[in-house]
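Structure first, commentary second.
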Amino acid sequence: MFVGLKPGGSQLATAPSQESGGMRFSYRVFRAFGIDVRVHVTFVFIVAYFAVVWGALRQPGGGWGALYGVLLVVLLFALVVIHELTHSRMAQHYGIKVKSIILLPIGGLSSMEAIPEEPRKEFVISIVGPLSNLVLGGIMVAILPAVVSWSSLSAGHLSDLLFSRSFTGAYLYVLVSNLFLGAFNLLPAFPMDGGRVFRAALAWRLGRPLATRIAVFVGQALAVAMAIAGLFFGGGILLVLVAIFIFIGAQAEGSQDPVQRVLAGLQVKQVVRPGVHVARRGQNLGEIAARLFHSYQEDFPVVGGRGDLEGILTRDRLIAMLGQHGPDYPVADAMRTDFPAVGLDDRVAYVLEKMKAGSFKAVPVVEEGRLVGMLSLEDISEVVSLLSAGGEDILRRVPSVEPPSRRPSTHAGYGSDQASEPGAETGSAGDTEPPG
């Protein structure tokens, strides 16, 4: 299963990062093909569950049984890593950056910079994950006679072998789990890989919007059927939980597509916020923190002595560095310098992908070497809400922000510490006191 770092619904939540969200509660295990493979702290629950089942609930149990259960978890999630790396490598083949793979108790999650809207690419990226499991399963079936004789694989004997604490038992357990993983992910329901495969296949003929609606409906119908089977036909509570997971996942996927349609064709100059407050590299964190008490702005572009943009001080970074180093810590040492380059003519959807990939809530907008404003997730969310409610006619009433060379010499309403003021580039912008 994989996700793109793009909006869901009218509220644009930030992607997990090391400073906030899910990444903060995960730890890197290793790195492969430029992708961090991380384990979430909740992963300990699935390890503990298998240790208890094989160490206490299944005979002969004991410490060796608990270790056997932990070994099974490691083997099963090795299959999950192979599955997710296959997705990720195909995405990289198409030029899509993959931020990380996070292992959770429910499986793996590949965080990609974007999910391609071209049906062929989405189809291929989606289907290779389950196919990797099925191919590996075929190889394991082919060498199965070297592990156990076919004559001993009757239904009753197979069950005994499957749950026996032995090499043969572990091999069969991994084989069955691997085939189940591949088949389950091919179910035509979001957020499973099969849901994206189904949507991509439909999109070739019907277009993405209609294909998404059909795939969401089919996925939710399947979830309802699974819940009924779990509640009334002996499927059990686990099947009900899986049904809830699929239903919510399909709903979330369905809410993303309208947002993408709203953002299509929208340029940064139509939504950028000029007149933002800036910080100086020579200031300390205490000075910037004091501004947050009287401003809605949370992220500050950092300018040098000549007014050139050098970095961005995010709210998360500010709070983290304040806690570690105190209010006298220099802004220059706390700012982030890995922000994406954003211009007025860039597409908002493209910039949003970059923001999500870098875990930025806001990015500075630069044109002709000069800072002209900021674009934040809140700004984009507000635009999505307004355009969804009022239609694109609203855009004709909104003046675009022009590059500095085409802008009038003065702008009413912008203070001396704001990016739109000419003084911002000469050093007065961002001062805690007005220049004398």
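The values are calculated or read from the model by the stated rules, or taken from the named source; none is laboratory data. Predicted model only: the values in this text are computed from it and were never measured. When we count neighbours, we look across all protein chains shown, and the Cβ atoms used for this are built from the backbone with ideal geometry, even at glycine.
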For residues in region 304-321 being more than 27 Å from the chain's Cα centre (by Cα) and outside any strand (DSSP E or B), which is surrounded by the most Cβ atoms within 10 Å (Cβ to Cβ)?
G307
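For region 387-405: of the residues being outside any loop (DSSP other than H, G, I, E, B) and touching a helix residue (DSSP H, G or I) at 6+ places or on another chain (Cβ under 9 Å), which is modelled with the highest pLDDT?
Restricting to residues being outside any loop (DSSP other than H, G, I, E, B) and touching a helix residue (DSSP H, G or I) at 6+ places or on another chain (Cβ under 9 Å), the top hit is L387.
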Here are some residues: V351, V363. Which one is buried (at least 18 other Cβ atoms within 10 Å of the Cβ) and either without any contact (Cβ under 8 Å) to a residue 40 or more places away in the chain or outside any helix (DSSP H, G or I) (or both)?
V363
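Here's the yes/no breakdown for (1) in contact (Cβ under 8 Å) with a residue 12 or more places away in the chain; (2) among the aromatic types (F, W, Y):
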{"site": "F77", "(1), (2)": "yes, yes"}
{"site": "A91", "(1), (2)": "yes, no"}
{"site": "L103", "(1), (2)": "yes, no"}
{"site": "M112", "(1), (2)": "yes, no"}
{"site": "P119", "(1), (2)": "yes, no"}
{"site": "V147", "(1), (2)": "yes, no"}
{"site": "W150", "(1), (2)": "no, yes"}
{"site": "D160", "(1), (2)": "no, no"}
{"site": "S177", "(1), (2)": "yes, no"}
Condition check for R336: in contact with a Ser or Thr (Cβ under 7 Å, 6 or more places away or on another chain) and either aliphatic (A, V, I, L, M) or surrounded by 16 or more Cβ atoms within 10 Å (Cβ to Cβ) (or both):
yes
Given the options A211, A229, A225, name the one that is buried (at least 20 other Cβ atoms within 10 Å of the Cβ) and not assigned by TED's automatic domain parsing to the domain that holds G107.
A211
Return the residues of region 303-343 that are in contact (Cβ under 8 Å) with a residue 40 or more places away in the chain, aliphatic (A, V, I, L, M) and touching a strand residue (DSSP E or B) at 6+ places or on another chain (Cβ under 9 Å); say none if nothing qualifies.
V303, L309, I312, V331, A332, A334, M335, V342
